[in-house]
Amino acid sequence: MVSVVPGSLTLVVPAEDGRRSPLQDLLSGTNHRVRLARNAEEAVSVLGQEPFDLILLDLGVRDSDGVGILQMLKCESRVWHIPVIVVGNPDGADDVVRSLELGAEDYLLAPLHPVLLGLRINSFLAKKRLQKVETEYIKIFEEQSADLTELKRELTRLRTADVPS
């Protein structure tokens, strides 16, 4: 069984060859929330409705359209920042290279090892959460820095106002 961060939300875009994605089976029964999309258009639509943490794109037996879906996702301004893990065929070396060039965070070879999948998912979710905390700390720092600058100006103004002419 895959152990993933509870409550995180992942979009699975399964292979379009009519079979159930092993990603669905591996993630079922976990506390991980999973949504499915049948194609790129549905993926972009669904991604605009909820705050997803991760996208799992199963290339399956697709030729190059799976990489096209990745390209479409990475070009969409509302969702380009969501990490994508691509799952593909071991014979698809060109797909590996192209996927990473287009911005996929990782490329896992089928058949999937459940523990490896869980580790990779958790790694990207932890990275995303750390980036969010970092962004919040930067915002707090900038606000406090602006307050300090304003206090220094006020102190300088008060000092110059107290100086006898």
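The values are calculated or read from the model by the stated rules, or taken from the named source; none is laboratory data. These numbers were taken from a predicted model, which means no experiment stands behind them. Here Cβ is always computed from backbone atoms with ideal geometry, including for glycine, and neighbour counts include all displayed protein chains.
Filtering region 13-36 to residues that are in contact with a Pro (Cβ under 8 Å, 6 or more places away or on another chain) and modelled with pLDDT of 75 or more leaves LEU23, GLN24, LEU26, HIS32, LEU36. No other residue among VAL96, VAL84, VAL79 is under 30 Å from SER21 (Cβ atoms) and in contact with a Lys or Arg (Cβ under 9 Å, 6 or more places away or on another chain) apart from VAL84. Close contacts from region 111-133, counting a first residue that is of a type outside the set (Ser, Thr, Tyr) and a second that is assigned to a helix (DSSP H, G or I), with Cβ to Cβ under 6 Å and a gap of 6+ residues or different chains, come to LEU112/PRO22; PRO114/LEU26; LEU117/LEU26.
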